[in-house]
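Heads up: the structure comes next, in structure tokens.
We did not get these values from a lab; they are worked out from the coordinates using the rules stated. As the structure is a prediction and not an experimental result, all values here were calculated from the model. Note that we place each Cβ from the backbone using ideal geometry, even for glycine, and neighbour counts take in every protein chain shown.
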Amino acid sequence: MKKLALVTLAPLALAACGSEKSGTFDDGEGGEGSYTVDQDGDATVATVTNGDGTATLKSGPNVKVQLPEGFTLYPGATVANNTSFGGDGGQGALINMTSTDDPAKLVEFYRKQAGAAGYEITMDARMGDQQAIVGENKAGTKFTFNASPGEGGSQAQLMVAEGL
């Protein structure tokens, strides 16, 4: 699945830039894969299949936010975009959000949620006004959260992935 997740990025990026709705690609290891990209209302749905399996991605501002137990959307945050992804052996979510609160407050919120849900913080980084935390639980589910100042508050991104 790890190979599949990495291979997924290239054709999806190419498809998003053009008008191609489906195609094939060389996976770089002598195999071939295929992809489809469709619209479902205001969401983009992409499916990639290769020798490692199938992965599906759904992305858009109104895609339902589905986070693992223990994580919730920051109170009062506005979802700018949500991407849910899954495939053979793994799944996850990538949420871009904005908030009127400052980045430190958002980081502290997710630090507390992660700790309460059994995640160990493995990285805590600050670069200027930007802050990021990374963690993992005993089952191997990983999360990253980063926040930076934005117009009227903060811009932030939360990613939680299991089995990838």
Fill in: Euclidean distance between Cα centres, the stretch 112-153 to the stretch 17-62, Å
29 Å
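Show me 144-151, 23-30 ranked by packing, highest mean number of other Cβ atoms within 10 Å first. Intermediate results must be reported in sequence, preceding the final value.
Values: 144-151: 17.6, 23-30: 12.8.
So the order, starting with the most tightly packed, is 144-151, 23-30.
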Worksheet item: Given a Förster radius of 30 Å and the C-beta distance between Lys112 and Asn62 as r, what FRET efficiency does 1/(1 + (r/R0)^6) yield to the nearest 0.05?
Response: 0.60
Item to complete: Using Cα pairs closer than 8 Å and at least 6 residues apart in sequence, work out the relative contact order for the stretch 74-149, in percent.
Response: 23 percent
Response to the item:
Of the residues Gln155, Thr100, Gly86, the Cα lying farthest along the dipole of the stretch 61-164 towards its positive end, which is defined by charges on the beta carbon of Lys, Arg, Asp and Glu, belongs to Gly86
Item to complete: Could you size up the charge dipole of the chain around its Cα centre, putting +1 on the beta carbon of Lys and Arg and -1 on that of Asp and Glu, and report it in debye to the nearest 20?
Response: 380 debye
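Taking 8 Å as the Cα distance limit and 6 or more residues as the minimum spacing, I'd like the relative contact order of the chain as a percentage.
The value is 17 percent.
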Item to complete: Would you compute, from DSSP H runs of 4+ residues alone, the mean residue ellipticity of the chain at 222 nm, taking -39500 (n - 2.57) per run and dividing by the full residue count, rounded to the nearest 500?
Response: -6000 deg cm²/dmol
Practice prompt. Name the shape class, rounded, prolate or oblate, that the alpha-carbon gyration tensor gives for the stretch 61-164, where a ≥ b ≥ c are the square roots of its eigenvalues, rounded holds for a/c under 1.5, and otherwise prolate holds if a/b is larger than b/c and oblate otherwise.
Written response: oblate
Practice prompt. Starting from the stretch 98-158, pick out the trypsin sites (Lys or Arg not before Pro) whose DSSP state is loop and whose Cβ has at most 16 other Cβ atoms within 10 Å.
Written response: Lys138
